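Reading through the structure tokens given below for one structure.
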Amino acid sequence: QVLLVESGGGLVQPGGSLRLSCVTSGSIARDYAMGWYRQAPGKLREFVATITSSSITNYVDSVKGRFTNSRDSAKNTVNLQMNSVEPEGTAVYYCSTTPPGARYWGQGTQVTVSS
């Protein structure tokens, strides 16, 4: 089994902060690149951030400087620290991994940015 479980979603006010976590089975988070995506109602799933196995990160332009992707290899976990959140960030956030020839997804966690 390949399991990815997101947590940390919830209600946050504009300008606030939230930290999402993705716990993976085995050594997935250590051995492979991990990505974060989000999907708002009626919209396509959108790329947010990635971190490679060597901890090189990449972000969609709209979150650069506000979101930080990191890895805790000992806990087989990746974290997405979201600061200065905006209402446009309201979506279900998913983590994903891409071992050779495959892509796996978590179940998603809801983030709602509202005053």
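The values are calculated or read from the model by the stated rules, or taken from the named source; none is laboratory data. Quick caveat: nothing in here was measured; it's all calculated off a predicted structure. Positions of Cβ are backbone-derived with ideal geometry, glycine not excepted, and every protein chain shown enters the neighbour counts. We work out accessible area using only protein heavy atoms, side chains counted, and drop any ligands, DNA or RNA first. Shrake-Rupley method; radii C 1.70, N 1.55, O 1.52, S 1.80 Å.
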* **Accessible area per residue, Å², the chain with all protein chains present, probe 1.4 Å** => 52
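Length gain on complete extension for the stretch Ser73 to Glu46, per 0.36 nm per residue less the alpha carbon to alpha carbon distance?
On the way: separation 27, 0.36 × 27 = 9.72 nm, distance 2.54 nm.
Stretched out fully, the Ser73 to Glu46 stretch lengthens by 7.2 nm.
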* Sum up the charges of everything whose Cβ sits under 12 Å from the Cβ of Val2, counting Lys and Arg as +1 and Asp and Glu as -1, but leave Val2 out. => 0
* Structure fact -> The answer for trypsin sites (Lys or Arg not before Pro) in segment 12-53 that fall in a DSSP coil and have at most 10 neighbouring Cβ atoms within 10 Å is Lys43
* To do: Mind putting a number on the dipole of the chain about its Cα centre? Charges go on the C-beta only, +1 for Lys and Arg and -1 for Asp and Glu, and I need it in Debye to the nearest 20.
  => 120
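Order Tyr93, Tyr104, Tyr59, most accessible first, counting only protein heavy atoms with a 1.4 angstrom probe.
Working: Tyr93 5, Tyr104 85, Tyr59 40 Å².
Descending order: Tyr104, Tyr59, Tyr93.
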* Would you calculate a helix-derived [θ] at 222 nm for the chain, using -39,500 (n - 2.57) for each DSSP H run of n ≥ 4 and dividing by the full residue count, to the nearest 500? => -500 deg cm²/dmol
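Quick one: net charge around Asp61, please, counting Lys, Arg +1 and Asp, Glu -1 for every other residue with C-beta under 15 Å from its C-beta.
Details: positive: Arg38, Lys64, Arg66; negative: Glu46, Glu86, Glu88.
Once positives and negatives cancel, what remains is 0.
Whenever you get a sec, compute what percent of the accessible area on segment 49-115 sits on carbon and sulfur atoms (1.4 Å probe). All intermediate terms of the calculation are to be shown ahead of the outcome.
On the way: 1580 of 3360 Å².
Heavy-atom surface of segment 49-115 belonging to carbon and sulfur, 1.4 Å probe: 47 percent.
Would you work out if segment 40-110 is rounded, prolate or oblate? Take a ≥ b ≥ c from the square roots of the eigenvalues of the alpha-carbon gyration tensor; rounded if a/c is under 1.5, else prolate when a/b is larger than b/c, oblate otherwise.
Working: a/c = 1.77, a/b = 1.27, b/c = 1.40.
Because a/c hits 1.5 or more and a/b fails to exceed b/c, segment 40-110 counts as oblate.
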* Structure fact -> For the pair Val5 and Arg66, the simple spin-label estimate (label points 7 Å beyond Cα toward Cβ) gives in nm 3.0
* To do: With springs only between Cα atoms under 10 Å apart, run a GNM on the chain and tell me which of Pro41, Pro87, Pro14 wobbles the most.
  => Pro41
